[in-house]
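What follows is one structure encoded as structure tokens, with my remarks underneath.
The values are calculated or read from the model by the stated rules, or taken from the named source; none is laboratory data. Nothing here was measured: the structure is a model prediction, and the numbers come from that model. A quick note on method: Cβ atoms are made from the backbone with ideal geometry, for glycine too, and the neighbour counts reach across all protein chains shown.
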Amino acid sequence: YTQDVEYAAAEILAINGGHYIRFALDKPVLRLYTVIYSTFWYWIVWFADAALLLLPCIERPAYFTEVPPWVALIIEIAALSILFASFILSMRLQDKRKLLREAVFPYIFAGVFLLTSIDMIIYYVLTLRGHYYVRWSRPLRVLFPFALQAGQNIRRVIRNILRTLPNIGNVMFLFLFSLLTFTLLGVGILKNKKLTYPNGYEYFTNYLDTAWDLYVLTTTANNPDVMMPAFNSSILYVIFFVAYLLVNLYLFMNLLLAVIFSNYKQHLQEERQLIHKRQLDIILVIFERITQHSLNRSLSYETYVRLMRAVKPEITENIIDAYWKTLDVTNKEDGLNLRQFNELLLNLNFGLRQRSSDQTILQKKIPLIYNSKPSRIIIDFVNTDLFRAIINLLIIGNAICLAASYNDLEWFFLSLFIVEALLKMYAIGVKEYFHHRWNIFDFTIVFVSTTYSLLTAFVKTLSLNRDVLDTILVIRVLRLVKLVGNVERFKVIFGTFSKVIPTLMTYLRVMFMTYYVFAMIGMEIFQNKIAQLDKTFPLAEFCNNTRLNGSEFAKSQYCRNNFNDYLSSLILLFELTVVNQWHVLASGFVIVTSKAARLFFLAFHLCAVIVVLNIFTAFVIDSFLNQYILSKSKEFPWIEQENLIAERLTQQGYRVIRRYDNSKQSGTRTRKKFNLLEQLRTFVQPSIYRRMTVVLQSMAEDENALLLHWCGDVDIDPVALLNLTNDTS
């Protein structure tokens, strides 16, 4: 019976956390789940994964050449050990037969781990004996997070990319067909003209060179350079290039983005529907399992209490009773039926806690002083628009002084900003203060600026790097960002962006995986082909390679753009992603090797720019629009349920404090006429919807005062959850 409750609690935590786990039925899954998905273990695995991806910085060819090889060996062994331990724990947590039958990632992890271990042993044995050996397994390291249980989000992104590829392939086939057609036309028209580029190279005489030039033209990197020899010969040739750009740049590239965006949305919707279906099926399994010993197939109150304590170990008796009262249950002896159980799971996505437990340290330690009239005046003032307006004026004044290089008032502004931070901490508490991103951003700027001012004022003999001082000065100017964030119309945009960031990081991770693979391949192919030398060396002008003499690559002083170490490789790949002058960068490596090197740069452009970057763009557009519309309208899908919870708790004698004023959440409310006195009154009055103003409640009132806010996933479908039955699942 206890195992059934723990199993149900683990499934509920997995659903609320957005994880799909095939739990083993005969293991202590709740304890294993809390360990694997704890913050502590998450950061251990994260650092192990990051160590593997940063390891090339000290591996040959190393950026930090002074680090001995045994350091890299120890780090790699430690990181692999942690990842292997995480894999073993996730395998122990799940039903192995079901997992190995349905999932591919365990096989991927086992294969990658085995190949990496073998390659690592051979590499260090040969290297320590003075032999040269290529670490061919290094590109496989990016698969470790993909192959772990915690890498579900990365697998979803890659699945969406793979599902979109067939439709991308159709457009790319038409694009390449058009490219080859224009190549044939261009060579046929211009070959006999015997034209040349300004550097003396032949112009539109070779099919492969012409196809490469036209492909680069699609990215606009060599426009109008590629057109100028023909344009100088006759203005009529411009028609050819205009037609090519209209068809391939403005038609096919935009069509490609449209296809990617459309298919991405479709596959993402299908993915969400699959996740919802799995969640609903799991809920039925949970209910069947924990009610199998009940005669009337309902969840008893005793089982409910044990389940709540398993899901929320820190929960109090009062909150357990409050969650029960959010359900439409007339008698505790009747228990919960399936619909009420589903509603309970939905209600668990709402944060519910006692007002008394939300008190600040000062409010608990010195309540008489904190709740005194002078203290209440300070707290209310901090919560007014007038206070925020004063701070905004100070930020503008500080920015003007910085722009005018007038630093005499710097300590005056710093003191006021420190007072602002202290007042906010006093009003809402230190914990709540650092809970908000804007406060963390503001505190960081004030702290760094104060440290800089103290160092420059009192430590006269301290020699600080000029770049560090310039960076600190720029950070001080960043206070203006806070000013923009305080404007109501910009708050929605900033708030939307902050909500998109977690998923955005997954796509950035996939983009970095692409960079990593091509960086590893590029270092093995092109290392030491191009190098930056001191200007006193004879070959410094030619990037240590005489083949680059007179090349545009050398003339542009691009010698630092090379594949001689990991960091330089990543920077070069980023420059290629931007596509400006990417053909010049590629030409340098083509000159020092062969024209076959174009395949490497072409493959990178197709993978990173055409596919991954376009899907990343589609994600940003779709997510931002959805979040922006939701934040702007305030028509949240869970508002109706929140209203119902608040109504039921109010009927039971609770005082519910909510995050939003729901009268402002309806877009259909009538717009009132402007009233100056009303606006001034609002400007100087503290907001009654903020948590910090509810400090006047007595302890007796605090016992029945509950803070209610949504803290679940935006993708949860309340309607489907509440209407779940055995027939609808």
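Here are the numbers for this structure:
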{"read-out": "Number of the condition not met by Leu402 [criteria: (1) over 16 Å from Leu483 (Cβ atoms); (2) over 32 Å from the mean Cα position of the chain (by Cα)]", "value": "(1)"}
{"read-out": "Subset tally (residues that are charged (D, E, K, R) and modelled with pLDDT of 85 or more) for the stretch 315-338", "value": "3"}
{"read-out": "Candidates Ile75, Ile88 - the one that is part of a helix (DSSP H, G or I), out of contact with any Lys or Arg (no Cβ under 6 Å at 6 or more places or on another chain) and free of Cβ contacts under 8 Å to residues at least 12 places away in the same chain", "value": "Ile88"}
{"read-out": "Residue count, the stretch 138-154 (criterion: touching a Phe, Trp or Tyr at 6+ places or on another chain (Cβ under 6 Å) and within 12 Å of Arg509 (Cα to Cα))", "value": "2"}
{"read-out": "Leading residue by the ranking (nearest to the chain's Cα centre (by Cα)) among those in the stretch 130-139 that are farther than 17 Å from Ser81 by Cβ and in contact (Cβ under 8 Å) with a residue 12 or more places away in the chain", "value": "Pro139"}
{"read-out": "Meets criteria (surrounded by fewer than 20 Cβ atoms within 10 Å (Cβ to Cβ) and touching a residue at least 60 places away in the same chain (Cβ under 8 Å)) for Gln532", "value": "no"}
{"read-out": "Test: residue in the stretch 56-79 that is modelled with pLDDT of 90 or more, among the aromatic types (Phe, Trp, Tyr), surrounded by fewer than 19 Cβ atoms within 10 Å (Cβ to Cβ) and out of contact with any Pro (no Cβ under 6 Å at 6 or more places or on another chain)", "value": "no"}
{"read-out": "Residue count, the stretch 19-50 (criterion: among the hydrophobic types (A, V, I, L, M, F, W, C), surrounded by fewer than 17 Cβ atoms within 10 Å (Cβ to Cβ) and in a helix (DSSP H, G or I))", "value": "7"}
{"read-out": "Any chance Phe553 is assigned by TED's automatic domain parsing to the domain that holds Phe526 and under 17 Å from Gly200 (Cβ atoms)", "value": "yes"}
{"read-out": "Tally, over the stretch 92-125, of residues that are assigned to a helix (DSSP H, G or I), of a type outside the set (D, E, K, R) and crowded, with 16+ Cβ neighbours inside 10 Å", "value": "12"}
{"read-out": "Restricting the stretch 538-583 to residues that are touching a residue at least 60 places away in the same chain (Cβ under 8 Å) and assigned to a helix (DSSP H, G or I), the residue that is surrounded by the fewest Cβ atoms within 10 Å (Cβ to Cβ)", "value": "Leu567"}
{"read-out": "Unique residue being touching a helix residue (DSSP H, G or I) at 6+ places or on another chain (Cβ under 8 Å), among the charged types (D, E, K, R) and buried (at least 17 other Cβ atoms within 10 Å of the Cβ) when the list is Arg289, Arg306", "value": "Arg306"}
{"read-out": "Qualifying helices (runs of 4 or more DSSP H) (wholly inside the stretch 189-265; at least 2 residues being surrounded by fewer than 13 Cβ atoms within 10 Å (Cβ to Cβ) and either in the same structural domain as Val612 (by TED's automatic domain parsing) or not basic (Lys, Arg) (or both))", "value": "238-244"}
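To keep it simple, each residue is scored yes or no on (1) over 16 Å from Asn614 (Cβ atoms); (2) assigned by TED's automatic domain parsing to the domain that holds Cys57.
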position	(1), (2)
Gly130	yes, yes
Pro139	yes, yes
Asn153	yes, no
Leu165	no, no
Ile168	no, no
Met172	no, no
Ser178	yes, no
